[in-house]
Amino acid sequence: MDANTLYAEAKKLYDAGQLNDAVRAFEQARAAYVEQGDAANAAAVANDLGVVYYLAGRRGDAQKILQDALAAFEQLGNELGQAKALGNLARLMERSGDKAGAESSYQRAAELFHQVGEKGFEHDTYRALSQMQLQRGRWLESLATYDRALAAKGGSGALRGFLKIPLRLIGMR
């Protein structure tokens, strides 16, 4: 089977909830792309594989493959890929208890999503960061971050106006 077929099969298995079979198929697809010298697709598959590893309970494997994907995307100059890998790493760090690392990765991912014009991903990433800040008791930062999330999607004018009041009071707006 060629790499594209393996990748399509892996996605079908993932969608069907067959995680262990999906892992094997993603691993095969990645190996096939590497063998072909297709670094861009190998990195994309590695990013997907990291998510599947995490869902299959293989956190260590997930972290390593996501870091590999991030490094590959950086080497390729692929900012969208970097943002996606950082977002997945942030989620993994958050759930593993590394809150500071997760916040930093969410922030960088959101900035990259903004740079490449991916407003939906930017919005979702800022929302996740805002929620995390709120859970850590940093409600003013959470408000500022949520304001950025709303701005990414065009936001609700009334809600954004309301959010600006406390931000202005503390000099953040």
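Throughout, read-outs are computed from the coordinates displayed, never taken from laboratory work. Being a predicted model, the structure only gives us computed values, none of them experimental. FYI the Cβ positions are ideal-geometry reconstructions off the backbone, even for glycines, and counts take in every protein chain you see.
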Query raised in the report: What is the packing order of peptides 43-50, 75-82, 140-147, taking the mean over residues of other C-beta atoms within 10 Å and listing the highest first?
Result: 43-50, 140-147, 75-82
Query raised in the report: Hey, can you rank 12-21, 114-123 by average C-beta count inside 10 Å, highest first?
Result: 114-123, 12-21
Query raised in the report: Excluding GLY97 itself, what net charge comes from residues whose Cβ is under 14 Å from its Cβ, given Lys and Arg +1 and Asp and Glu -1?
Result: +2
Requested in this report: Considering only ALA40, ALA62, ALA109, give the residue with the highest GNM mean-square fluctuation for the chain, with springs between Cα atoms whenever their separation is below 10 Å.
Outcome: ALA40
Query - GNM result for the chain, Cα springs below 10 Å: residue of VAL51, VAL34, VAL23 fluctuating most strongly - result: VAL34
Query raised in the report: So what is the calculated 222 nm ellipticity per residue for the chain, using -39500 (n - 2.57) for each DSSP H run with n of 4 or more, over all residues, to the nearest 500 deg cm²/dmol?
Result: -28000 deg cm²/dmol
Query raised in the report: Cross-link partners among lysines for LYS84, C-alpha distance below 22 Å, same-chain residues fewer than 8 apart left out?
Result: LYS11, LYS12, LYS64, LYS99, LYS119, LYS153
Report task. Let me know the charge dipole size of the chain about its Cα centre in debye, to the nearest 20, where only the beta-carbon of Lys, Arg (+1) and Asp, Glu (-1) is charged. Result -> 1020
